[in-house]
Amino acid sequence: MSNALEIAGLTKTYGDGFQALKGIDLTVREGDFFALLGPNGAGKSTTLGIVCSLVNKSAGTVKVFGHDIDTDLSAAKVNLGVVPQEFNFNQFEKVFDIVTTQAGYYGIPLRQARVSAEKYLRKLGLWDKRDTPARMLSGGMKRRLMIARALVHEPRLLILDEPTAGVDIELRRSMWAFLEEINREGTTIILTTHYLEEAEALCRNIAIIDHGLILRNTSKRELLQQLHVETFVLDTAEPLEGAPGLDGFVTRLDDEGALEVDVEKGQSLNRVFIELEGLGIRVVSMRTKANRLEELFIRMVEENAVANKSAAAGAKGASA
Amino acid sequence: MKTSAILTAFNTIVIREIRRFTRIWPQTLLPPAVTMTLYFIIFGNLIGSRIGQMGGFDYMSFIVPGLIMMSVITSSYANVVSSFFSMKFQRSIEELLVSPIPNWVILAGYVTGGMARGLGIGVIVTLLSLAFTRLEIHHLGVVVVTVFLTSALFAIGGFINAMLATKFDDISIVPTFVLTPLTYLGGVFYSIQLLPEFWQGVSMVNPILYMVNAFRYGILGVSDVNVYVALGMILVFIVLLAAVALRLLARGKGIRH
């Protein structure tokens, strides 16, 4: 399989001197469901903005299905569909017109555009709203409208910048199912999101970016294997007055009085239950404390912040 | 993009523009019709009847070509500057930027949309003028070429204004403080032969004077300037401004970070 996206040495310095990207390399394979994660201001939207021609790069190369955006921009764009973070359609236009007009910009004749627009508006549950001005739609509908608009020319690579921001859980799940479906049908997807459970549920490969640098670019499985400790939350039949001591495990009570147990990789969860049984504590339910990817993400970003601080302090000391 | 795809993209922009200004016709089509009717009544009929002849014609016949041209100029400019700046403001310009449309097609699409409104207004004002005077076209070719070129020129001007504008104030400065004075001083209401020699010379550097007079020549057969010089000047300005607009688009001025 070819590469859907190849980025090499990409840098971006804005007019005010802020360096948003410091030479990143990134490759996304065709057919992948890829997440680009990072805290606010890490460089995610700048990276995707450059790929979509909304931001001018300072240096580096970007290729979409082998088409260099410096020398073959038109061919690169034909392969791209973009769902931006902010609503960016004309609020006064009707839903159907917004989607068919976008198809027209890609040179798709109106008759064909209407068929494609109907297909995606139906799939995304917006067909009944086709004659409604966009400003009358709910936030979730507006997000789905942007997805329909991005897909109307059947791109091979779909870029979604926080597509489910502000969307309720039920709708978010249905959007996940839709994205998984089009990914199965062959569309490569690159996603940025603040909901790390979204990335964990959907994506096969993940890159973590912070301060304009890629900290990690690997498969989700490999990333999660780096998680040494997982925290389980146990609800007990009787309320506990204090955290019981369990041999080899760190325990504590959370704010609601449930028992939290840290289990390191290689430790047996059975031992937790055997010890609790011995103490006469009956467990009625159990869950993992937080999204595993979230824990890992927070740790990496914190480590990077510490490293940056040390480097800055070192530089200051050297100059003094 | 293939030629057929480029044509589809171009048509899409033009149709969208026409749909936009016809949807909001009380803001775009009605006001110039009302304003020009008032000009015909007040300046043409009430005051004009006391002025007598101008350039060998009754005053109403003299001002009609200038008023048609004035409405074409302002409408062509206003359509592009307001539409393109609104797209920037709402960020729906990104729909165009992510698509494979070449920059020259974007410019051509918006300019054609502006011309559609400008020429549409020109037709409306011409039809209204027939209620006040008889129009006998002296040279149809000059009329058509002049009005098309002038409309195109000011549509490109509106596009450049929209590219450079960063706030809504910026899109009204040029029409209010540049376009309107130049139009009023461009021989719409008078022949520059009435002016002292010095002010005649000053008037000759006003480009709108050439457009109004070329158009007047097409309708009445009289002009204060050489018609071919006027048409040549319009063409040169079109080429220059189109080059500036394409340069701004290529740099992404105000539309790409």
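None of the figures in this text is laboratory data; all of them are computed from the coordinates on show. Everything numeric here is computed off the predicted structure, so don't read it as measured data. Heads up, the Cβs are rebuilt from the backbone with ideal geometry, glycines too, and the neighbour counts pull from every protein chain shown.
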* Kindly provide the pair-distance distribution of chain B built from C-alpha pairs, with 10 Å bins from 0 and whole-percent values in order of increasing distance. => 7, 30, 34, 20, 8, 1, 0
* Environment charge of A:Gly60, counting only residues whose C-beta is closer than 13 Å and scoring Lys/Arg +1, Asp/Glu -1 -> 0
* Asked: Can you give the average number of partner chain beta-carbon atoms within 10 Å of each beta-carbon in peptide B:89-97, as a whole number?
  -> 6
* Alpha-carbon spread of the protein assembly as shown, three principal axes, descending order, Å -> 116, 63, 48
* In whole percent, what relative contact order does region B:146-214 give with Cα contacts below 8 Å and a gap of six or more residues? -> 33
* If you wrap region A:227-288's Cα atoms in a convex hull and average its projection over all directions, what's the area in nm²? -> 4.0
* Using alpha-carbon pairs under 8 Å, 6+ residues apart, how would you state the relative contact order of chain A in percent? -> 18
* Links that overshoot a 26 Å alpha carbon limit, given the list A:Lys77/A:Lys142; A:Lys63/A:Lys94; A:Lys265/A:Lys289; A:Lys123/A:Lys220; A:Lys142/A:Lys220 -> A:Lys63/A:Lys94; A:Lys123/A:Lys220; A:Lys142/A:Lys220
* **Expected 222 nm ellipticity per residue - DSSP helices of 4 or more, -39500 (n - 2.57), all of chain A, to 500** => -11500 deg cm²/dmol
* Structure fact -> Note: A:97-110 gets an average of partner chain Cβ contacts (10 Å, Cβ to Cβ) equal to 6
* Asked: Roughly what angle does helix B:30-39 make with the longest principal axis of chain B, taking Cα atoms, 0 to 90 degrees, to the nearest 10?
  -> 20
* Rounded to the nearest 20 debye, dipole of chain B from Cβ charges on Lys, Arg, Asp, Glu -> 820
* To do: Using just the helices of chain B, give the 222 nm mean residue ellipticity in deg cm²/dmol: DSSP H runs with n ≥ 4 each add -39,500 (n - 2.57), and the total is spread over all residues, rounded to 500.
  => -23000 deg cm²/dmol
* To do: Would you mind checking the tilt of helix A:95-105 against the longest principal axis of the Cα atoms of chain A, expressed as 0 to 90 degrees and rounded to 10?
  => 70
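Give, rounded to the nearest 20 debye, the magnitude of the charge dipole that region A:227-288 has about its Cα centre when Lys and Arg contribute +1 at Cβ and Asp and Glu contribute -1 at Cβ.
With Lys and Arg at +1 and Asp and Glu at -1, about 240 debye.
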* **region B:3-251, relative contact order [Cα under 8 Å, separation at least 6], %** => 26
* Using the reciprocal of the averaged 1/r over all distinct C-alpha pairs, how large is the Kirkwood radius of region B:1-84 in Å? -> 15.4
* Whole-number D in µm² s⁻¹ for region B:106-248, Kirkwood Cα-pair radius fed into Stokes-Einstein, 25 °C, 0.890 mPa s -> 151
* By per-residue mean of other Cβ atoms within 10 Å, what is the highest-first order of B:90-102, B:181-193? -> B:90-102, B:181-193
* B:Asp224, A:Asp70, A:Asp247 arranged by Cβ crowding within 10 Å, fewest neighbours leading -> A:Asp247, A:Asp70, B:Asp224
* To do: For chain A, just say rounded, prolate or oblate: build the C-alpha gyration tensor, square-root its eigenvalues into a ≥ b ≥ c, call rounded for a/c under 1.5, and beyond that prolate if a/b exceeds b/c, oblate if not.
  => oblate
* Does anyone have the angle between helix B:3-23 and the longest principal axis of chain B? Alpha-carbon axes, 0 to 90°, nearest 10? -> 60
